[in-house]
Each structure stands twice: as C-alpha cells, then as structure tokens.
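Trainee: Right, I'll just put the structure down here and ask away after.
The values are calculated or read from the model by the stated rules, or taken from the named source; none is laboratory data. Source: prediction; values computed, not measured. So basically every Cβ, Gly included, is an ideal-geometry build from the backbone, and we count neighbours across all protein chains shown.
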Amino acid sequence: MPHCQGYKIAGFSVNADAGATLKRQQMVERLRHVRGGDVIIAHMNKPNSDTAEVLSAGLLDLLRRGLVFVRLDEVDLVDVKETPAS
C-alpha cells in the first residue's frame with residue numbers, strides 16, 4: 001500500500017454530494033444505492049448546502065438497512081495490482 005508521511009491512501013466509492021453542489025433529492029438517491037463495503041465522501045462544511053441534514057438522515061437509513069460503519073483504520077487495506085494492458 002502506498003504511504004505518504006505515514007498515511008495510507010484510500011479512495012471512495014460514493015460521492016454523496018459532488019462537493020456540496022447536488023440538490024437534496026440527488027443526494028438521497030446516491031445514498032439509497034450505498035451497499036456494504038462502500039466508502040462515502042461528503043462535504044458538510046458548506047453551510048448553504050443540505051449535505052449535513054441529508055447525510056444524517058441517510059446514515060440512519062443505512063443503519064436501519066443493517067449496514068455497519070467502520071473507520072478505515074479498522075479494515076485491512078490491500079494493494080491494488082496493476083493489470084497489464086491487453
């Protein structure tokens with residue numbers, strides 16, 4: 001796994017709010033499609049967006065669906081091997 005100043009690099013699979021630019025219903029729809037193993041990114045630092053409110057409700061819905069939240073340091077991150085070009 002690549003390291004940079006002691007940090008492991010990880011990505012995300014769900015961009016919940018596109019940098020706090022999406023409308024409420026678009027964010028709800030993105031969160032509705034979250035499944036186990038996804039990493040969600042959202043930008044709750046923009047006070048004029050609905051991100052914090054939608055994310056709060058969306059996370060509760062994910063818990064009701066049985067998903068469990070973990071921190072990235074609680075899971076094994078693995079190297080992704082480059083696939084040779086065909």
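Trainee: Working carefully through the options Arg35, Arg71, find the one that is modelled with pLDDT under 90, charged (D, E, K, R) and surrounded by fewer than 12 Cβ atoms within 10 Å (Cβ to Cβ).
Mentor: Being modelled with pLDDT under 90, charged (D, E, K, R) and surrounded by fewer than 12 Cβ atoms within 10 Å (Cβ to Cβ) holds for just one of Arg35, Arg71, which is Arg71.
Trainee: Let me ask something additional. Return the pair list, or none, for Cβ contacts closer than 7 Å from residues in the stretch 12-30 that are closer than 15 Å to Ala52 by Cβ to residues that are surrounded by 14 or more Cβ atoms within 10 Å (Cβ to Cβ) and among the acidic types (Asp, Glu), at least 6 apart or on different chains.
Mentor: Arg24/Asp50; Met27/Asp17; Met27/Asp50
Trainee: Select from the stretch 14-32 the residues that are polar (S, T, N, Q) and either at pLDDT below 95 or at positive phi (or both) and list them in ascending order.
Mentor: Matches in the stretch 14-32: Thr21 only.
Trainee: Any chance you could count how many residues in the stretch 38-47 are surrounded by fewer than 15 Cβ atoms within 10 Å (Cβ to Cβ) and either in contact (Cβ under 8 Å) with a residue 24 or more places away in the chain or within 21 Å of Ala10 (Cβ to Cβ) (or both)? Break it down stepwise before answering.
Mentor: So in the stretch 38-47, the residues surrounded by fewer than 15 Cβ atoms within 10 Å (Cβ to Cβ) come out as 38-39, 41, 45-47.
Filter once more, keeping what is either in contact (Cβ under 8 Å) with a residue 24 or more places away in the chain or within 21 Å of Ala10 (Cβ to Cβ) (or both): 38-39, 41, 45-46.
Result for the stretch 38-47: 5.
Trainee: I'd like the full set of residues that are surrounded by 11 or more Cβ atoms within 10 Å (Cβ to Cβ) and assigned to a loop (DSSP other than H, G, I, E, B), limited to the stretch 10-31.
Mentor: Scanning the stretch 10-31 gives Ala10, Phe12, Ser13, Ala16, Asp17, Ala18, Gly19, Ala20, Thr21, Leu22, Lys23.
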